[in-house]
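In what follows, a single structure is set out as structure tokens and then discussed.
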Amino acid sequence: MSLIFEKSISKHRCTILPKQDIEDFQVDASLLRKSEVKLPEIAEVDLVRHYTNLSKKTFGVDNGFYPLGSCTMKYNPKVNETCASFPGFTDISPNSDAEDVQGALAVIYESDVALSEITGMDKMIFQPGAGAHGEFTGLLMIKKYHHERKDFKRDKVIVPDSAHGTNPASAAMTGFKVITIKSKNGIIDLDALDKVLDDTVAGLMLTNPNTLGLYDPGILEITKKVHDCGGLCYYDGANLNPIMGICKPGDMGFDCIHLNLHKTFSTPHGGGGPGVGAYGCKDFLVDYLPNPIVVKEKGAYHFKNVSHSVGKVTAFYGNFLILVRALSYIKHLGSTGLKEASESAVLNANYMMKKLKETYRVAFDTFCMHEFVLDLTSFKDEYGVKAIDVCKRIIDFEMHPPTMYFPLIVNEALMFEPTETEGKHTIDWAVDVMLQIAEEVKKGELDFSKTPFTTEIRRLNEVEAARNPIVKYEH
Amino acid sequence: MSYVVTSDEERREMLREIGVSSIRELYKDVPKEVFLNSPLDIEAGKSEFEVVKDLRAKAGANTIFDATFRGAGSYRHFIPEVVKHLSAISGFVTSYTPYQAELAQGNLQSIFEYQTEICDLNDLDVSNASIYDGASAACEAMVMCLARNKDTVLVSKGVHPHYRAAIQAYAFGRDVDVKEIDLVDGLTPVDFLSEQDLSGVSSVIVQSPNFYGLIEDVETIAKLSAKKDAECIQIVNPISLGLLKTPGEMGVELACGEAQPLGLDQGFGGPYLGFIVSSKKYLRKIPGRIVGQTTDMNGKPSFVLTLQAREQHIRREKATSSICSNEAHSALRCAIYMGAMGQAGIQEVARRCFNNAHYAMQRIVELPGFSRKYNGEFFHEFVIRTEIDVDTINKLLKQNNIEGPFKLNDNEMLVCVTEAVSKKEIDAFITILEKGAK
């Protein structure tokens, strides 16, 4: 489809601004832009058609099944969009006086209370832009916590080899050395953990259930061991979806946590954000939070600065309009609904795994939580068909492929997370698709290296894209 | 009320297929010490109707002012209706990061167009797909420039105080030393750079127009920094580039900023959109997603996430940043805005901001008891000294449903005037100031 720049026609434009009623003031010529402003010149109807046609080439949850593991692509309720579009939320400045934004502060405060209850934390804030930014915030606080205690030797953060890539990357951004420990049977190997625990450990980052969809039964022992050596425990909440109302990270021994509200709490992913990296901690870390926090005193909401704050991680209070959507979701589901959502997420994943496991090898064959991982090594070895080839074939059925080649500890991995908002009929259909593809692989009649067959664009040349990068249009 | 689809009968069938009698059995690995025996202490679920009512009441508890003279990092501008409608199309809203390019050509093309527009606006070569917001963009830009034995960063005090707080936080993470440069008459003193030993300095961060609205001599700062092998990072308001000299024209090779003025709701601070844009030399150092053009197996031009070797899911602790989810939908919205305003529109908006702000400034300083604090040329914000208390002024304005300027201290305020206020509203604002002074 042609680019908007190719549709630009001289002097075409939309009519938006009111008549100018103030005369031109002179600007010193040395301050003026001299280069041409090369933005498109396009009439409104052509602009509308351009973006409407682009939207048709974008596959979202509203288009079909999206079992992208660790991304929790659940249905995004429309009522959330309505609530986030109220002018009382969209048209207020973050620099307004607290008395003029009491409703907005109430949204932040009520979200804090609800999410603290769900996770077993004492305070939640919403300044980080997304999950990885929450990790960054948490690690900054852990660093500051140790430094304030004059404990400068703690320069290591432990992550398991099954961790999301953001964990080690965030640890590096906060100046820590990353110690990766090998998993055993898909979960933390306690002996391996023991070997790296000493008084130089600042903390452990863990997601539980982990990226294999496994709940670590040794969780209490793990967090205790880390605490015993003076480290703190950070919970990567990317995988909170199966445990709401079942158990709390705070009870598992975690000191701080981030949640991806764009996963568990149903806010849309927007093609790659904006999300909210809700960040929570226990009381003893509250004084280190980014400023300001919101408190309720004498029936009104106020901003308050904490004493040992790490500073700020974004300019204001984070992606507020996304938070409104999450609060709308929490209010609609309530205590029972949240638990029901988690249970159904687990039911759906186990059902799908069960129906697939006679045909595909499950990486760790035990009950899973919200997601499970298939290992397609045998397809590759016996038929020369790789995980990516299967994913591209899935596209032909108008289903979004699962996450591929992750976690790194499983070869030819396909990671499925069906979520609770898919019905049995949809999962049955997806299973049929997967079984049909397995048949096709075994028959060997299709050239899987050329999948998908039905899309307009097929198998992009990524090597060329990286070798000779074209990252903007040349006019 | 959980958007769960499955009926009780289907659920029983599914449990049978799995071979368990209850969902509880699937949670066998959760230790009994942590398994909750009572429900969460959260209100019972409300109907959709009640949720809307609840949140509408909260929205109603906020004041939407008829006119505003408050900016300081978040700005009210006209947002074309077409921007709101197009960005709300559900495929855009409910898709994930475009990992599977065959299913995301629309999303990828829109990001490629956004990158182009940000590059063109700044006269630079490489833009990423987005960063969380302006403050975090400035921080990531700072991190891009760090090098061995270059662990000091100079930050002008003309940079937004919230951005400076974020820079301090990121610097603490990276063990970087931040030195702040005091302003002279509201501006970053350029002779400071020529006099200093900058051998350990990796970057010099300035904002122009700066926090006080003043236009900095970025050209000289960039020249002096380059001479001493430090990168000048300009934080810039993209709307101002419809009128003012661009980073590229001033010799800046790394610019960043907050793109909220380009069609995003003020929304109590977010979601916003940080942009980072640079010359070609930073192509492989810039953090976050980047979309590139390529061809598919049939030779068709197409788009794909590229240069991923910099990113966390590949490089883990060696990545340039941990950013994963960014602000793609905000970038889409800004791109639609830039298309709707177009070449002429963006220049008109910038011009009107400049004109309206200068008209207001002239009128204010004519009033007894009001004067400008700094002398330099400004874009759409300026600092006014007042003999009456800023709180008193803002209270008077509020009674007339006008949001007053940003309070710097009891007797100084930062006035912002964009194209979204009319002459009539500016005149009303002046009249109230005049009354207050009496």
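Seen from a random direction on average, the alpha-carbon convex hull of the range A:78-333 projects onto 13.4 square nanometres. What is the sum of charges, Lys and Arg at +1 and Asp and Glu at -1, for the other residues whose Cβ falls under 14 Å from the Cβ of B:I384? In short, -1.
Packing, as the average of other Cβ atoms within 10 Å across residues, places the peptides B:289-299, B:412-422 in the order B:412-422, B:289-299, highest first.
Estimated from helical segments only, the mean residue ellipticity of chain A at 222 nm is -11000 deg cm²/dmol, where each DSSP H run of four or more residues counts as -39500 (n - 2.57). For A:K123, the residues whose modelled amide H falls within less than 5 Å of its own, excluding neighbours fewer than 5 places apart on the same chain, are A:C281.
Which percent, to the nearest 5, of DSSP beta bridges fully inside chain A are antiparallel? Before the final figure, lay out the partial values.
Working: 24 of 40 bridges.
Counting only bridges with both partners in chain A, antiparallel ones make up about 60 percent.
Convert 4 °C to kelvin, take the viscosity as 1.567 mPa s, use the Kirkwood radius over C-alpha pairs of the protein assembly as shown as Rh, and evaluate the Stokes-Einstein diffusion coefficient in µm²/s, rounded to a whole number.
Working: Rh = 28.1 Å.
Answer from the Stokes-Einstein relation: 46 µm²/s.
For the range B:178-219 versus the range B:1-75, the inter-centroid distance based on Cα atoms is 49 Å. Couplings for the range A:48-60, taken from phi via the Karplus curve 6.51 cos²θ - 1.76 cosθ + 1.60 with θ = phi - 60°, read 4, 5, 4, 6, 5, 5, 5, 5, 5, 9, 10, 9, x Hz in order; Gly and Pro are left as x.
Here the alpha carbons of chain B define both size measures, Rg and Dmax, at 25.4, 84 Å. Amide hydrogen proximity for B:E180: with H placed 1.01 Å from N in the peptide plane, the residues at 5 or more positions away or on another chain lying under 5 Å are B:V155.
Counted over the range A:78-333, the DSSP beta bridges are approximately 50% antiparallel.
Mind checking the mean number of beta-carbon atoms from other chains within 10 Å of the Cβ atoms in B:294-301?
Details: counts 12, 5, 7, 7, 4, 1, 4, 5.
For this peptide, the per-residue mean of nearby foreign Cβ atoms is 6.
Estimated purely from DSSP H runs of n ≥ 4, each contributing -39500 (n - 2.57), the mean residue ellipticity at 222 nm for chain B is -12000 deg cm²/dmol once divided by its residues.
Separation of the range B:256-333 from the range A:325-377 is 30 Å, based on Cα centroids.
Note down the Stokes-Einstein diffusion coefficient of the range B:81-337 in µm²/s, whole number, using a Kirkwood radius over alpha carbon pairs, 37 °C, and 0.692 mPa s. Each step should come with its number before you reach the end.
Numbers: Rh = 18.7 Å.
Result for D is 176 µm²/s.
To the nearest whole number, what is the average tally of beta carbon atoms from other chains within 10 Å of the beta carbons of peptide B:345-352? Present the calculation step by step, with values, prior to reporting the outcome.
Values: counts 8, 2, 3, 4, 2, 2, 4, 6.
Taking the mean over all residues of the peptide, I get 4.
In order along the range B:321-327, phi translates into HN-Hα couplings of 6, 8, 4, 10, 4, 10, 10 Hz, rounded to whole numbers, per the Karplus curve 6.51 cos²θ - 1.76 cosθ + 1.60 with θ = phi - 60° and x for Gly and Pro. One Cα centroid belongs to the range A:42-103, the other to the range A:176-211; the line between them spans 38 Å. Counting Cβ atoms of other protein chains within 10 Å of each Cβ in A:258-270 and taking the mean gives 3.
Computed from backbone phi, the HN-Hα couplings of the range A:266-273 come to 6, 7, x, 7, x, x, x, x Hz, rounded to whole numbers (Karplus: 6.51 cos²θ - 1.76 cosθ + 1.60, θ = phi - 60°; Gly and Pro given as x). Between 0 and 90 degrees, rounded to the nearest ten: what's the tilt of helix B:8-18 against the longest Cα principal axis of chain B? Its long axis makes an angle of about 70 degrees.
Kirkwood hydrodynamic radius, chain A, all distinct C-alpha pairs: what's the number in Å? Hydrodynamic radius (Kirkwood, Cα pairs) of chain A is 24.8 Å.
Qualifying GluC sites (Glu not before Pro) in the range A:417-475, where qualification requires a DSSP coil assignment and no more than 14 other C-beta atoms within 10 Å, comprise A:E445, A:E456, A:E474. Using bins of 5 Å that start at zero, the share of Cα-Cα pairs per bin across the range B:138-198 amounts to 4, 17, 28, 23, 19, 8, 1, in whole %.
Taking the mean number of other Cβ atoms within 10 Å as a proxy for protection, how do you rank B:337-346, A:58-67, A:129-138 from highest to lowest?
Details: B:337-346: 25.0, A:58-67: 22.3, A:129-138: 31.6.
Highest mean packing first, the order is A:129-138, B:337-346, A:58-67.
No value in this document is a laboratory result; all are computed from the given coordinates. Since we're looking at a predicted model, the values are computed, not measured. As a convention, Cβ positions derive from the backbone with ideal geometry for all residues, glycine included, and neighbour counts pool all protein chains shown.
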